[in-house]
Amino acid sequence: MGTKLELALSVGLVLAGAATARQGAPWPPSVTAVCGNLLVRIDGPKIWTLSRIEYGGTRLGIEESAYGTVFNFPDVGFIGSGHRDVGVEAAESVEFYLDGEPVAAPGGTLRGASFRVVKRSRIRDVALESDVAVAHDRITERTIVRVERAVPLRFVYHFMHAWTPTATAYLAGRAGGEEVEGELRDAPETDRQFYVNREMDWIAVYDGPSGKGVVSRLLERPALGGATMKLWNVPRVYRKFYLQSFSDQALPAGFAGTYAMVTAFFEAPADKWRAAARRLALELGGGSARRP
């Protein structure tokens, strides 16, 4: 995916520079926002999705990969979030808000207590709404998928997060106490391996060199299609999170599904990070994710 993504991003730079809102204000090729201890970047080449994520001055989310939502169609491949195997994601509207107030043409670095991006787009026969909100050192993402007629899929990835390749460990949990954990290594035998590939309520990734970590908790999902958390390891490139749904299934006619996830950040020494992650996961969820 790396080579195709690089090509897609270079093409996207042109598209982003030419894009204009329906009201006439230009959509920026890139927007950076600082809220509390978080810095996030929204990139036009990736169809105005998340990109770089910093916490306390440490880069935890790298910008050399795609975020957001991408669909993999049979005999077509990936479309969405900068992926353009055969076709493109067409953005219909993009709105930016700082401290609750609209920002018509953001430029430079925005600073405030909260930042939000609301986007509506279309990927073939799929209507997509995405809402990314940054506040209180948390990133809350919500995606709504709608179709009028059935759409066959290989799978969908939601909430892609490309975490730093220096991350050293992971921990994932589910209501009732089930957990999986392990180390993230760069040895050849672990190249391009899924470390987590199951339905869980939350997942944590810890970066040993910085002593910082992230916890992502699923808040909402539709009754159909499943919601598998995956952590894909590509040594020296990234440790990438995906929420996968509709594997070798079709989005049924009339489907309207909402996915929501919150990601928060923590700092802890190596011998205490798991306890810190568990506490944060409990705080984020207040119980289990909303399940059908």
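Any read-out appearing in this document is the output of simple, stated calculations on the displayed coordinates, not a laboratory observation. Values in this document were obtained by computation on a predicted structure and should not be read as measured data. A quick note on method: Cβ atoms are made from the backbone with ideal geometry, for glycine too, and the neighbour counts reach across all protein chains shown.
Data overview
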| read-out | value |
| --- | --- |
| Per DSSP, loop trypsin sites (Lys or Arg not before Pro) in the range 258-289 with at most 16 further Cβ within 10 Å | Lys272 |
| Selected from Thr168, Ala256, Trp232, residue furthest toward positive end of dipole (the range 168-292; charges at beta carbon) | Ala256 |
| The chain - share of DSSP beta bridges that are antiparallel (%, nearest 5) | 95 percent |
| Footprinting exposure proxy for Ser245, Ser210 (fewest neighbouring C-beta atoms within 10 Å first) | Ser210, Ser245 |
| Ranked His83, His136, criterion: other C-beta atoms within 10 Å, fewest first | His136, His83 |
| Note, ³J(HN,Hα) from phi for the range 262-269, Karplus 6.51, -1.76, 1.60, rounded to Hz, x at Gly and Pro | 10, 10, 10, 10, 8, 9, 7, x |
| Taking the chain and dividing mean pair separation by its residue count, relative contact order in percent (alpha carbons under 8 Å, at least six apart) | 16 percent |
| Percentage, to the nearest whole number, of Cα pairs in the chain over 27 Å apart | 38 percent |
| Span from the the range 86-129 Cα centroid across to the the range 134-212 one, whole angstrom | 23 Å |
| The range 130-191, relative contact order in percent, only Cα pairs under 8 angstrom and at least six apart counted | 18 percent |
| Test item: Cα-centred dipole of the range 207-253, Lys/Arg +1 and Asp/Glu -1 on Cβ, debye | 240 debye |
| For Leu50, distant residues with modelled amide H under 5 Å away | Gly68 |
| The range 182-277 shape via C-alpha gyration tensor axes, a/c threshold 1.5 | oblate |
